[in-house]
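What follows is calculated from the coordinates using simple rules that are stated; it is not laboratory data. None of these values were measured; they are calculated from a predicted model. Neighbour counts run over all protein chains shown; Cβ positions are idealised from the backbone, glycine included.
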Amino acid sequence: MASGGVAALALRPTEEVTALYSGDDSPVSDLPAFVRMLRKVRRQGFAINNQRTEHGLTAIGRAR
C-alpha cells in the first residue's frame, strides 16, 4: 500500500479499518500488524513507503 493511502487510513478509527480489512478477500494479510503500523503513523504524523511498492523508490505521505 502506498504511503498516501496509509496516511489517509491512519486518520480513520481503528474499528473502521478493522471492519474494512477483516474479510477473507482482504489485501492485508496480518491485520494486527497493519493496525499497529497505522497507530505508529498517527503518532509520527506521516507514513513512509520504502520500496514496498516499487524497487528503488521511497515516498512519504501525510494526510490532514
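Only helical DSSP H runs with n ≥ 4 go in: add -39500 (n - 2.57) per run for the chain, normalise by residue count and round the 222 nm mean residue ellipticity to 500 deg cm²/dmol. Working shown, then result.
Numbers: 3 runs with 30 residues, N = 64.
Result for the chain: -14000 deg cm²/dmol, rounded to the nearest 500.
So what J values fall out for the range 6-21 if you push phi through Karplus, 6.51 cos²θ - 1.76 cosθ + 1.60 with θ = phi - 60°, rounded to Hz, Gly and Pro as x?
5, 4, 5, 5, 5, 7, 7, x, 4, 4, 5, 4, 4, 5, 5, 10
Assigning unit charges at the beta carbon (Lys, Arg +1; Asp, Glu -1) and nothing else, what dipole magnitude in debye, to the nearest 20, does the chain show about its Cα centre?
500 debye
Enumerate by residue number the GluC sites (Glu not before Pro) in the range 1-61 meeting two conditions: DSSP loop (anything except H, G, I, E, B), and at most 15 other Cβ atoms within 10 Å of the site's Cβ.
Details: sites: E15, E16, E54; in loops: E54.
Hits after loop and neighbour filter: E54.
Please say if the chain is rounded, prolate or oblate, where rounded means a/c under 1.5 for a ≥ b ≥ c the square roots of the C-alpha gyration tensor eigenvalues, and otherwise the choice is prolate for a/b larger than b/c and oblate otherwise?
oblate
Mean separation of Cα pairs under 8 Å and 6+ residues apart, divided by the residue count of the range 9-64: what relative contact order is that in percent?
About 29 percent, as a whole number.
Once the dipole of the chain is set up with Lys and Arg at +1 and Asp and Glu at -1 on Cβ about the Cα centre, which of S22, H55, A7 lies farthest towards its positive end?
A7
Less than 12 Å Cβ to Cβ from A63, Lys/Arg counted +1 and Asp/Glu -1: what total charge do the surrounding residues give?
Neighbourhood net charge equals +4.
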